[in-house]
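The values are calculated or read from the model by the stated rules, or taken from the named source; none is laboratory data. Just so you know, these numbers come straight off a predicted model, no measurement behind them. All Cβ positions, even for glycine, are placed from backbone atoms using ideal geometry, and neighbour counts span all protein chains on display. Just the protein is used for accessible areas: all its heavy atoms, side chains included, with ligands, DNA and RNA removed. Shrake-Rupley method; radii C 1.70, N 1.55, O 1.52, S 1.80 Å.
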Amino acid sequence: MRRIKLPINTKIIAKLFIMSILLLLLFGMLIYKRIIIINYPSDSNYPVRGVDVSNYQGEINWDKLADQNIDFVFIKATEGSKYKDKQFYVNWDGASRTKLIFGAYHFFSFDSSGITQAENYIDSVPLTKGMLPPVVDIEFYGDKERNIPDKAETTKELTLLLDKLYEHYGVKPIIYATLKSYNLYIKGAFSEYLLWIRNVYYNPQLDLRGKWTFWQYTDRAVLEGYKGSEKYIDMNVYAGKIEELESLRINTD
């Protein structure tokens, strides 16, 4: 039998090719903008979940928030040597009245002393039975990503901050870092501290297997129970079981 040769419509092929490219670009943009979350951690692998909040979430209904499949919360307390989050005390009291395992974090400043930053946190966060260890969040702000702060100076001030928090609360703090700040300042220098890593693009098991304890996987979640200037809320998972997370709580007895 003779094969029938079908005419090739080059215009249709060109249109299909262009449409495919546009769809790929659109999909890529949605991932980059974090409208589509491709790294969502499975409930079976990471059943222990939590959020972190600040004044941007505004007034929080803690009973409602706690009833949405979350187990823990980190609350912003301070930043640098002087700033205190205006919602901290209300949030701290509200979270402590729920089933949530709670802790407080400090946003590290590259522009002030580690000692005075620690004093700001200690002055703001009461040593509370059952709280999680203090968290120090080190990430770039303003023009710091373009003008990278000196590694030696940053390491020195961060060490002073961590040491003073350890002295006061009796436990080593947790370090929160982005991939960039981790690679620049934390990797190889602070391995004795628990790591809370931010990676909104892929599972940190790919490059930090066994090195992280908390993982912030998105800053684009939407839950019920808060009303502030920010409609989104950060979501996190814990690397272990709920009993292991419970064991991190500070016992003041």
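Cβ contacts < 9 Å: first residue among the charged types (D, E, K, R), restricted to region 177-194; second residue assigned to a loop (DSSP other than H, G, I, E, B) and open to solvent by 60 Å² or more (accessible area, probe 1.4 Å), any location; separation 6+ or different chain. Result?
That search, which allows pairs on different chains as well, returns K180/E145; K187/K211; E192/K172.
Based on what the data block shows, is N199 open to solvent by less than 20 Å² (accessible area, probe 1.4 Å) and either in contact with a Leu (Cβ under 7 Å, 6 or more places away or on another chain) or of a type in the set (S, T, Y) (or both)?
When the stated conditions are applied, N199 passes them.
Output the number of residues of region 60-78 satisfying the condition of being out of contact with any helix residue (DSSP H, G or I) (no Cβ under 8 Å at 6 or more places or on another chain), assigned to a strand (DSSP E or B) and not hydrophobic (A, V, I, L, M, F, W, C).
Qualifying residue count for the region: 0.
Considering region 92-139 alone, what residues qualify as being part of a helix (DSSP H, G or I), buried (at least 21 other Cβ atoms within 10 Å of the Cβ), in contact with a helix residue (DSSP H, G or I) (Cβ under 8 Å, 6 or more places away or on another chain) and not small (G, A, S)?
Across region 92-139, the qualifying residues are Q117, Y121.
Checking K151 against (1) touching a helix residue (DSSP H, G or I) at 6+ places or on another chain (Cβ under 7 Å); (2) farther than 13 Å from Y185 by Cα; (3) open to solvent by 40 Å² or more (accessible area, probe 1.4 Å); (4) free of Cβ contacts under 8 Å to residues at least 60 places away in the same chain, which single condition isn't satisfied?
Going through (1) touching a helix residue (DSSP H, G or I) at 6+ places or on another chain (Cβ under 7 Å); (2) farther than 13 Å from Y185 by Cα; (3) open to solvent by 40 Å² or more (accessible area, probe 1.4 Å); (4) free of Cβ contacts under 8 Å to residues at least 60 places away in the same chain one by one, K151 breaks only (2).
Against the condition assigned to a strand (DSSP E or B) and either within 22 Å of Q87 (Cβ to Cβ) or open to solvent by 50 Å² or more (accessible area, probe 1.4 Å) (or both), how does W215 come out, does it pass?
Working: assigned to a strand (DSSP E or B): yes; either within 22 Å of Q87 (Cβ to Cβ) or open to solvent by 50 Å² or more (accessible area, probe 1.4 Å) (or both): no.
No.
Quickly run through region 181-210 and pick out the residues that are outside any loop (DSSP other than H, G, I, E, B) and within 16 Å of L158 (Cα to Cα).
Within region 181-210, S181, Y182, N183, L184, Y185, I186, L194, L195, W196 meet the criteria.
If I ask for residues that are in a loop (DSSP other than H, G, I, E, B) and open to solvent by 20 Å² or more (accessible area, probe 1.4 Å), which ones from region 226-244 would you list?
G228, S229, E230, K231, Y232, A239, K241
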